Amino acid sequence: MLRLTGRRPTPRRALPCGRDPACFSFWGASGAVGGSPVDSARYRTSPTESGNPHDPPFRAACPPRSSTTGPSPCGHSVKRPGRQESAGGEPPHGCRDPGGTSSADAERTPGEAAGGTPREVLGAPHRLLSVVAEPVDPTAPEVVVAAADLLATLRSEPSTAGLAAPQIGLSWRLIAFDARRHPRSRSWAGELVVVNPRLAAASHWDHAREGCASIAGLTADVRRATRITVHGHLPGSGEPVTIEADAFEARCIQHQLDHLDGLLFLDRVPGALSLHRRLHTCDA
Amino acid sequence: MGLSAVTVLGVDRPGVIAAVTGSLADCGANIQDSTMTLLGGHVAMMLLVSGELDSTELLKRLSASDLVVTASAIEARRHFCDEGDGLGYVLTVHGPDRPGIVSAVSAVLAADGGNITGMSTRLSGRLYVLIADVELPKEVDVAALMRQLAAVGASLDSEITFRPVEPDLI
């Protein structure tokens with residue numbers, strides 16, 4: 001199991017907009033919301049019949065993997081001792097092409113399959129943003145492709161620090177985040193996609209203003225834990241991973257977990273005066 | 001010493017609040033409770049002021065060409081329920097914009113004696129958001145109320161959350 005704990009590495013980058021950190025959160029797609037639903041049929045998998053709660057509830061017809069402990073199908077080593085490695089240059093773990101073996105990948109150009117395809121970020125109100133997402137098999141090729149797309153979408157939004165699969169039209173329990181660039185990050189795991197993440201511990205609660213890529217123009221003061229432990233699996237290898245996050249990264253991850261439960265930050269606003277117009281954006 | 005409710009509405013520009021509050025200070029009025037926000041590029045301000053001037057005189061002092069100002073004498077009223085008797089909740093509604101959302105939701109609350117003590121609504125694109133502070137009498141069946149709210153939310157194609165206030169008392 002990977003255990004990602006805090007580090008305080010590279011110098012923080014300046015905000016792309018040069019504005020106050022408060023305007024930089026896990027939002028950013030102000031111009032990319034409100035479009036048509038994304039076709040998710042390509043990612044659909046079949047439910048398992050085992051009924052065992054410990055089994056992945058969805059299991060796709062994927063080719064057998066050679067190993068669950070070696071190099072991941074994404075081509076990157078799973079040997080990643082937490083946050084001790086460089087946060088800057090390492091490719092994202094578990095987020096790449098599973099080897100070109102899936103039918104979904106066969107439909108893609110090599111460039112797309114290697115890096116994922118940025119997808120449209122859905123804007124509220126949208127049905128997929130209000131339903132509970134389904135757990136998935138982290139080793140399924142479709143899930144690996146979805147993880148790559150999620151990450152590619154995250155990368156295409158420079159002022160967005162996290163996304164959840166429902167935001168790109170997939171009601172699956174996948175989140176992607178990268179809190180390295182946020183000036184209020186204290187430590188960070190780097191760029192990461194986690195399948196079936198679940199919150200195991202939360203403490204040190206605090207209020208802060210946050211926005212969302214799926215909600216243009218609004219922010220709110222939301223109370224969240226500033227220290228959390230999250231368990232999940234890496235896409236491709238399916239290797240269990242534990243993330244211990246704090247500060248902004250913890251907030252970002254909790255925000256994405258809410259998306260998987262069909263919740264928006266609006267559902268956690270503590271009072272009428274805590275809802276705010278977003279007067280300026282970083283991605284303008 | 002009289003109590004007046006003053007409302008100020010005008011196009012937002014730097015200095016509006018300074019001008020209004022400066023006029024109030026010049027005539028010896030004391031600002032008690034107040035709230036201000038921007039609505040569609042307009043500044044909207046409500047103040048509860050006390051002082052020796054009556055509301056008519058206050059209105060004369062505050063008049064400005066680019067502002068709509070009203071002033072009315074009021075009596076201070078006690079809250080509808082004694083302190084500590086009400087139950088505080090926060091209501092969130094979000095969904096596609098359509099007429100009647102506020103009225104439908106507030107009617108459900110009013111039917112059970114719920115009092116909206118603060119409310120913000122925002123329209124952002126197609127998304128309509130309502131956040132309200134609600135105070136309920138203790139005897140209200142909150143579970144039944146939440147079921148009614150859920151039904152109203154479904155009829156409006158909107159998501160509704162209704163949760164207790166979480167005060168951070170230190």
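Some notes on this structure:
- Residue-wise HN-Hα coupling along segment A:137-151, computed from phi with Karplus coefficients 6.51, -1.76, 1.60 (Hz; x: Gly, Pro): 7, x, 8, 5, x, 5, 5, 5, 5, 4, 4, 5, 5, 4, 5
- Relative contact order for segment A:118-263, counting Cα pairs under 8 Å that sit 6 or more residues apart, in percent: 29
- With 0.36 nm allotted per residue and the present C-alpha distance subtracted, the A:Arg223-A:Arg198 stretch has 7.1 nm of extension available.
- Between B:Thr56 and B:Val142, the FRET efficiency estimated from the beta carbon spacing at R0 = 35 angstrom works out to 0.15.
- Residues B:Ile74, A:Ile228, ranked from the fewest to the most other C-beta atoms within 10 Å, line up as B:Ile74, A:Ile228.
- Label sites at B:Ala76 and B:His42, each approximated as a point 7 angstrom past Cα along Cα to Cβ, lie 3.1 nm apart.
- Whether segment B:2-73 is rounded, prolate or oblate, judged on the alpha carbon gyration tensor where a/c under 1.5 counts as rounded: prolate
- The charge dipole of segment B:87-164, taken about the Cα centre with unit charges on the Cβ atoms of Lys, Arg (+1) and Asp, Glu (-1), comes to about 200 debye, rounded to the nearest 20.
- Potential extension, B:Val68-B:Leu87 segment - 0.36 nm per residue separation minus Cα distance: 3.2 nm
- Spin-label model distance (nm) - B:Asn115 vs B:Ala18, 7 Å beyond Cα toward Cβ: 3.8
- Choice from B:Gly113, B:Gly41, B:Gly88 with maximal GNM fluctuation in chain B (Cα, 10 Å cutoff): B:Gly41
- For chain B, the longest principal axis of the C-alpha atoms and the axis of helix B:142-155 are separated by about 90°.
- Label separation (A:Val131 vs B:Ser34): 5.0 nm, computed from points 7 Å beyond Cα along the C-beta direction.
- Once exposed loop trypsin sites (Lys or Arg not before Pro) are cut out (DSSP; at most 16 other Cβ, 10 Å), longest piece of chain B: B:1-76
Read the figures in this text as sums done on the coordinates, not as results from a lab. Since we're looking at a predicted model, the values are computed, not measured. Counting neighbours? That spans all protein chains shown, and the Cβs are built from the backbone with ideal geometry, glycine included.
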